[in-house]
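Below is one structure; the comments refer to it alone.
The values are calculated or read from the model by the stated rules, or taken from the named source; none is laboratory data. Because the structure is predicted, anything quoted here is derived from the model rather than measured. So basically every Cβ, Gly included, is an ideal-geometry build from the backbone, and we count neighbours across all protein chains shown. Only protein heavy atoms, including side chains, enter the accessible area calculation; ligands, DNA and RNA are left aside. Shrake-Rupley method; radii C 1.70, N 1.55, O 1.52, S 1.80 Å.
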Amino acid sequence: MYYKILKSVIFIVTLLVSNSVVGQGIDFSKISVSEVEVYEKSKNSTPKDTLDDFGILKNPHFDLETLVQTKALIFKRNDDEFDPQLHIWYHFNKDWTELKGRSYHWGLYNPKFKAKGNEKWLKKLSKNEKGFKEKYNSLEQKLKSELGEPIKKKTIADNENKFIENMFWEDDEKIVGLAISFDRKIKEIPGIGIFAKFKIEVMITYK
């Protein structure tokens, strides 16, 4: 019993130290389901959803087709001050025994989000390109300080309608991706309504 308590204390201390080094609350370690629950509770997070089937890219830095099917636990970080607020997605294999990926997601399309009824909020976000880029650039510098220069960086779109860019790091254990997608113009889709995409994401994919 004493050993289990000591192990839990050491686990939390280790994660907190790791976060202080990386900044922005990003941690690269592989942890178990029970450790996720303990850790997110310590970060004042709210459990938001559990997804039984969600595919993530196996090699996101060069292959946009091959998926790994996962189950996901999603938490909202209540102390995060960015708008939209940070959600953490933990992607486990189908029997919950191995963490396959972890996503730090500042974006709209967390489960249950609907554009209808949020038109004013979407228009507000569309006026904050500067804030999104500052957040994105800050994360880039934090990741560079921990992981070095990215192996790949690409601006996918930079026009009157949108700005999309991503970059990747890789080592023997993981692939880390940083991406931004910002719609400079909100779209009105007939029969569907208003549509816009605002996202910053750090995706850690474990090998």
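Here is a check on your reading of the model: is K30 in a helix (DSSP H, G or I) and open to solvent by 70 Å² or more (accessible area, probe 1.4 Å)?
Working: in a helix (DSSP H, G or I): no; open to solvent by 70 Å² or more (accessible area, probe 1.4 Å): yes.
Criteria not met by K30.
Considered as a group, the residues in the range 121-156 that are without any contact (Cβ under 8 Å) to a residue 24 or more places away in the chain and of a type in the set (A, V, I, L, M, F, W, C) include one that is farthest from G177 (Cα to Cα), and that residue is W121.
The set of residues in the range 186-201 that are assigned to a loop (DSSP other than H, G, I, E, B), open to solvent by 20 Å² or more (accessible area, probe 1.4 Å) and either within 25 Å of L64 (Cβ to Cβ) or touching a Leu at 6+ places or on another chain (Cβ under 8 Å) (or both) comprises I186, I192, K197. For I204, work out the one condition from (1) open to solvent by 40 Å² or more (accessible area, probe 1.4 Å); (2) closer than 19 Å to H105 by Cα it doesn't fulfil. Among (1) open to solvent by 40 Å² or more (accessible area, probe 1.4 Å); (2) closer than 19 Å to H105 by Cα, the lone unmet condition for I204 is (1). Say whether the condition of being assigned to a loop (DSSP other than H, G, I, E, B) and over 21 Å from K174 (Cα atoms) is met by at least one residue in the range 43-55. Yes: one or more hits.
Conditions (1) open to solvent by 20 Å² or more (accessible area, probe 1.4 Å); (2) in a strand (DSSP E or B); (3) in contact with an Asp or Glu (Cβ under 7 Å, 6 or more places away or on another chain); (4) among the aromatic types (F, W, Y), marked per residue:
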position: G101; (1), (2), (3), (4): no, yes, no, no
position: K114; (1), (2), (3), (4): yes, no, no, no
position: F132; (1), (2), (3), (4): no, no, no, yes
position: Q141; (1), (2), (3), (4): yes, no, no, no
position: E146; (1), (2), (3), (4): yes, no, no, no
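Is it the case, given these coordinates, that S45 is open to solvent by 30 Å² or more (accessible area, probe 1.4 Å) and in contact with a helix residue (DSSP H, G or I) (Cβ under 9 Å, 6 or more places away or on another chain)? Answer is no for this residue.
Restricting attention to the range 65-99, the residues that are of a type in the set (A, V, I, L, M, F, W, C) and either modelled with pLDDT under 95 or not in a strand (DSSP E or B) (or both) add up to 2.
Filter the range 158-180 down to residues that are part of a strand (DSSP E or B) and open to solvent by 30 Å² or more (accessible area, probe 1.4 Å), then give me how many there are.
Adding up the residues that qualify gives 5.
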